[in-house]
Ligand SMILES: [Zn+2]
């Protein structure tokens, strides 16, 4: 019995398994084209979710930054600290997403 990767969810499964126990993908009945399509779809969804996350990270950064300047809170106040925290988290999150997107592109 050999171990192979599920074409749909990439988890390690037995090559004798007809259906992936993790995602119910029918390996036995899938043609190469099905597998390709599923893999492409997965990549597309991943890219899409990374783009959405980048957008959210950017919004978080801008919101935090904006509040810090125009929110009326003074340095040292909890709101001011929270605003800085928001923009820092948004910034780091955004960078991480950019890096993940680069790696996703390299995997092509
Ligand atoms: Zn699977």
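When you check residue 49 against the structure, is it assigned by TED's automatic domain parsing to the domain that holds residue 102 and closer than 30 Å to residue 15 by Cβ, yes or no?
Taking the combined requirement at face value, the residue satisfies it.
Test of understanding: among 39, 2, 17, which residue is within 15 Å of the ligand (Cβ to nearest atom), in contact with a strand residue (DSSP E or B) (Cβ under 9 Å, 6 or more places away or on another chain) and not assigned by TED's automatic domain parsing to the domain that holds residue 93?
Result of the check over 39, 2, 17: 17.
Any idea which residue in the range 8-41 is surrounded by the fewest Cβ atoms within 10 Å (Cβ to Cβ), counting only those that are modelled with pLDDT of 80 or more and touching a helix residue (DSSP H, G or I) at 6+ places or on another chain (Cβ under 9 Å)?
My answer is 26.
Residue-wise test of (1) within 28 Å of residue 106 (Cα to Cα); (2) touching a residue at least 60 places away in the same chain (Cβ under 8 Å); (3) in a loop (DSSP other than H, G, I, E, B); (4) under 22 Å from the mean Cα position of the chain (by Cα).
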position: 4; (1), (2), (3), (4): yes, no, no, no
position: 9; (1), (2), (3), (4): yes, no, yes, yes
position: 13; (1), (2), (3), (4): yes, no, no, no
position: 43; (1), (2), (3), (4): yes, yes, no, yes
position: 54; (1), (2), (3), (4): yes, no, no, yes
position: 58; (1), (2), (3), (4): yes, no, no, yes
position: 80; (1), (2), (3), (4): no, no, no, no
position: 83; (1), (2), (3), (4): no, no, no, no
position: 88; (1), (2), (3), (4): yes, no, no, yes
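The values are calculated or read from the model by the stated rules, or taken from the named source; none is laboratory data. Just so you know, these numbers come straight off a predicted model, no measurement behind them. Quick reminder, even Gly has a Cβ in these numbers, built from the backbone with ideal geometry, and neighbours come from all protein chains shown.
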